[in-house]
Structure formats: C-alpha cells, structure tokens
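What follows is a single structure, written as structure tokens, with notes after it.
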Amino acid sequence: MALASLVVMAVVTATATATAATAAPVEPAADRAAAAADALVASDHAALRKSPDDVLVRTGEHPGTHGMRYFSYDRTYHGLPVIGGDLVVATDAAGVVRDVAVAQDRVISVDRAPRISAAAALATARS
C-alpha cells in the first residue's frame, strides 16, 4: 500500500512538473508596463518629438496609485544631453500606455557644422 502511494505521488509530481514546464511564463504586470513604455519610446510616435538623431534611455521607474507606473527617460541628440528633452511614460496596471509627458515642444533640428574656426573659438574663450 505504501509503495502504491509513492508511485501515485511520483506520477502526480511528474505530471505537475511537466505541465508547469510547458505552460507559458506569466509576465508580471511591472514587466508588461516597462515593455509597453519601452516599445512606445522605441517607436516614432509623434508625441515623443523625436528626431532620428535622438536616443532615449530609461532612467527611472516609479510606482503610482491604483497600479499606475511612471517611466522616466533622458534624451541625447548626437550623443549630447538635451536639457529639457526628458519625458515620462505612464502605464496602467495592465501595462497599457495611458499618457506621455514630454518637456520639449518640437523635434530637435540643429545644424552642427562649426561656424567659426577653432582658433577663433579659443580666442573668444580666452577673452
């Protein structure tokens, strides 16, 4: 009788283990929220006011009430930090993007070609 009980327990354990191994992993809500925010930032969504030369990097994650999560991003343009270029993506408990707050009011388009020589810049800096 004891041997039969051990065999039944072994079969039940093996079946439960096999079922758990084949089941799709459950993604926590925080991971879904982060993935949704990152997907939006990776897109060319107009609300981001992003140029092809911008790079947005997530710098923070903050929990809110009722399952809301807020993800902050810093912006660089051609590798230079953009002061006022940061943004925040808000997601709900299900990981759906609900709002985007962007500090800048237009897409950056700056001519990076030098207008004065290095010697003139050095002279100006020294004076």
Once you list every other residue whose beta carbon is under 15 Å from the beta carbon of Arg112, what net charge do they have if Lys and Arg are +1 and Asp and Glu are -1? -2
Largest first and in whole Å, what are the equivalent-ellipsoid semi-axes of region 20-107 based on the Cα gyration tensor, each being the root of 5 times an eigenvalue? 27, 14, 11
Quote the FRET efficiency, to the nearest 0.05, computed for Ala93 versus Thr59 with a Förster distance R0 of 30 Å and r equal to the Cβ-Cβ distance. 0.85
HN-Hα couplings for region 56-71 via Karplus (6.51, -1.76, 1.60; θ = phi - 60°), in whole Hz with x for Gly/Pro, come out as 10, 10, 5, 10, x, 9, 10, x, x, 8, 6, x, 5, 9, 10, 10
Quick check on packing: order 69-76, 52-59 by the mean number of other C-beta atoms within 10 Å, highest mean leading. 69-76, 52-59
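Calculate, for Leu80 and Ala46, the FRET efficiency according to 1/(1 + (r/R0)^6) with r their C-beta to C-beta distance and R0 22 Å; round to the nearest 0.05. Kindly include the intermediate steps, with their values, before the conclusion.
Working: r = 23 Å, r/R0 = 1.04.
Efficiency computed from Cβ-Cβ geometry: 0.45.
Every number in this text was worked out from the coordinates using simple rules, so none of it is lab data. The model shown is predicted, which means the values in this text are computed figures rather than measured ones. FYI the Cβ positions are ideal-geometry reconstructions off the backbone, even for glycines, and counts take in every protein chain you see.
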